[in-house]
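The structure appears right after this line, and notes come after that.
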Amino acid sequence: MIKKTDSQFNKPLYILYPGEFYATKEDCVISTVLGSCMAVCLFDVAKRIGGMGIFIVPGTIGTSGIISDAIASKGIGDIELLLGEIVKIGGDRRYLKAKIFGAGYPADSSSQMEQVMNSNIKFIYEYFTLENMTVERSDLGGEFRRRLYFFPWTGKVYRNILQNNEESSEFIKLEQEYIDSEFRQKEKFGRVILFD
Amino acid sequence: MKHILIIDDSPTIRISVEHALKSLGHAMVCAENGRDALGKIDALIAQGHDIALCVLDVNMPEMDGISFLKEFRSRDKFTPVLILTTESEDDKIKEGRSHGASGWIIKPFKPDELLSVAKRFLK
Amino acid sequence: MYERYSKKYEKKITIIHPGEFYVSRNDELIGTLLGSCVAVCLHDASSGLAGMNHFMLPGRISERDIFQDSSAKYGITAINELISHMERAGAPIRNLSAKVFGGGHVLSLEANSVTIPHDNVRLARVLLEHADIPIVASDVGENYTRKILMDVKSGRIYLKKSTRQDVIDFVDGREQTYAQRLGRPAGKAVAGR
């Protein structure tokens, strides 16, 4: 995460890297650039609490749905991390709304990556249906890099498509490093500690 | 009848836990925060049921997992309580232990693993 | 920062030091000498404005969370400052193109000698891409010191790379003074790694 104390919005600006999440009560802007990753923006306008998380579900999910799927559980865990932080600062998921972005893929991506992207898109819709959480905006798929500016107090999101640096995108490189590490440890679950 | 109580503010997690534990054959009751859970427990006991196991999240609105645990332990010293959370900090885990949690499972969880831990505490 | 006259180019050269930046619309050159530091050069062809900075991160940026690490703020400030002075001078962001130089592995800054130059370059690229400024040229990394001159009017860059030990020693001494001013311990120079 990069913090810029000033920005064109006259608020602090936080730029998230792939795999990061950030929840806050501060009047600020949370930003990122997305290729294949998804960004989930959650916000409670009444309480002025919001957060963004950037992640990927590392694989394709089976036909039985996300409840008993090991790969999907990773994605659920990622969103849970963001939700946990939001709840800690006073949020309540019953009043949260969502905006979701990303899961685009570069033009030269393999058919396997295309399947992963489609699976990610299915995952995110199924997840928010189960959570019974309103998705106010979804902007997924496509072959471009999206830059987001998310205002956690209002839930407003500005989305631009980047025009430059297509061939040598540093964000795509950062994403690839994150995606590779997620695929390497996709069966990694949390620790189990017994007190006896 | 012995019931398993699942306390988590996420419907997705509640359904996942129910799914993981259904082979145990216990009735399952869900609550979406600590306060809700205390109400459900009172209702179950009033109907003559017992709680066999609690699966408990930490970060929840209204009443969080640790506050629930303190309250629950003041009434019930023995029923196992398994914490299931994204919280992985040692201080939090110690706090859970000191207030009488039986175990701490960090999300994302493996359904088989949750099942075998649950079986162990239900013996 | 100081000025001198170049007989070779028949123009004034304004030379900037670590931590400085300079924006100009005069018919002149802007120059600097880089070791592990990075220079971002911005140019607006339509208004003939150009600017350059020279910065380093005084410590290693942790892999995931550079927000917790105050080190990054010097680099972020340096790049923001340059972009906003270009804008104020009359070059809108959409007109800008960028070139990135430096980040040579010429200093042995403790165990961090590879990561610091790498982080400097990466931070510059991330912030420029985030602003959607095209990075049209870059020459970074490897064990070179780099002397760069930018022609303000054309945006053209004259780059001279060196592995000479006396140049490395000079750059090393200066960048370490700069690093110490920013509050990190110094390392020592090594040549030809």
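Bear in mind these aren't lab numbers, they're just calculated from the coordinates by the rules spelled out. Keep in mind that this is a model prediction, so the values were computed, not measured. Virtual Cβ from ideal backbone geometry, glycine too; neighbours counted across all protein chains shown.
Residues of A:162-168, mean number of Cβ from any other protein chain within 10 Å of their own Cβ, rounded to a whole number? Could you put the intermediate results ahead of the total?
Working: counts 4, 3, 12, 10, 2, 0, 5.
Taking the mean over all residues of the peptide, I get 5.
Give me the dipole magnitude in Debye, nearest 20, for the protein assembly as shown about the Cα centre, with unit charges on the beta carbon: positive for Lys and Arg, negative for Asp and Glu. Provide the component values of the computation, followed by the final result.
Working: 67 positive and 67 negative charges, 179 e Å.
Dipole of the protein assembly as shown, to the nearest 20 debye: 860 debye.
Between B:SER23 and A:GLN163, what's the calculated FRET efficiency when r is the beta-carbon distance and R0 is 41 Å? Round to 0.05.
Values: r = 54 Å, r/R0 = 1.33.
Efficiency at R0 = 41 Å is approximately 0.15.
Nothing charged except the Cβ atoms of Lys and Arg (+1) and of Asp and Glu (-1): what's the magnitude of the dipole of chain A about its Cα centre? Round to the nearest 20 debye. Mind showing how you got there, number by number?
On the way: 24 positive and 26 negative charges, 143 e Å.
Value, rounded to 20: 680 debye.
Over the protein assembly as shown, what number does the Rg to Rh ratio reach, with both radii from the alpha-carbon atoms and Rh per Kirkwood? Walk me through the numbers on the way to the answer.
Numbers: Rg = 27.3 Å, Rh = 25.4 Å.
That ratio equals 1.07.
With viscosity set to 1.306 mPa s at 10 °C, what whole-number translational diffusion coefficient in µm²/s follows for the range A:1-139 from Stokes-Einstein and a Kirkwood radius over Cα pairs? Before the final figure, lay out each step's value.
On the way: Rh = 15.6 Å.
Rounded, D is 102 µm²/s.
Using helices alone, what [θ] at 222 nm do you get for the protein assembly as shown, with -39,500 (n - 2.57) per DSSP H run of 4 or more residues, divided over all residues and rounded to the nearest 500? Show your work: numbers first, answer last.
Values: 11 runs with 163 residues, N = 512.
Counting only the DSSP helices, I get -10500 deg cm²/dmol.
If R₀ is 25 angstrom, what is the calculated FRET efficiency for the pair C:VAL136 and A:GLN115, using the beta carbon separation as r and rounding to 0.05? Kindly include the intermediate steps, with their values, before the conclusion.
On the way: r = 35 Å, r/R0 = 1.41.
It comes out at approximately 0.10.
Across the Cα atoms of the range B:12-62, what radius of gyration and what greatest pairwise Cα-Cα distance (Dmax) are found, in Å?
Rg, Dmax (Cα atoms, Å): 11.5, 31.
Within 10 Å of each residue's Cβ, count the other Cβ atoms and sort A:TYR125, A:TYR178 from fewest upward. List each step's numbers first, then the result.
Values: A:TYR125 15, A:TYR178 21.
Ascending Cβ contact count within 10 Å gives the list A:TYR125, A:TYR178.
Just from the alpha-carbon atoms, what are the Rg and Dmax of the range B:2-122 in angstroms?
Answer for the range B:2-122, Rg first and Dmax second: 12.9, 39 Å.
Quote the charge dipole size of the range B:2-122 about the Cα centre in Debye, to the nearest 20; the model charges only the Cβ of Lys and Arg (+1) and of Asp and Glu (-1).
Details: 16 positive and 19 negative charges, 104 e Å.
The dipole of the range B:2-122 has a size of about 500 debye.
Which Cα, out of C:VAL136, A:LEU130, A:VAL33, lies furthest along the positive dipole direction of the protein assembly as shown (beta carbon charges, K/R +1, D/E -1)?
It is C:VAL136.
Could you line up A:PHE128, B:PHE72, A:PHE183 from fewest to most neighbouring Cβ atoms inside 10 Å?
Working: A:PHE128 19, B:PHE72 23, A:PHE183 12.
The most exposed by this proxy come first: A:PHE183, A:PHE128, B:PHE72.
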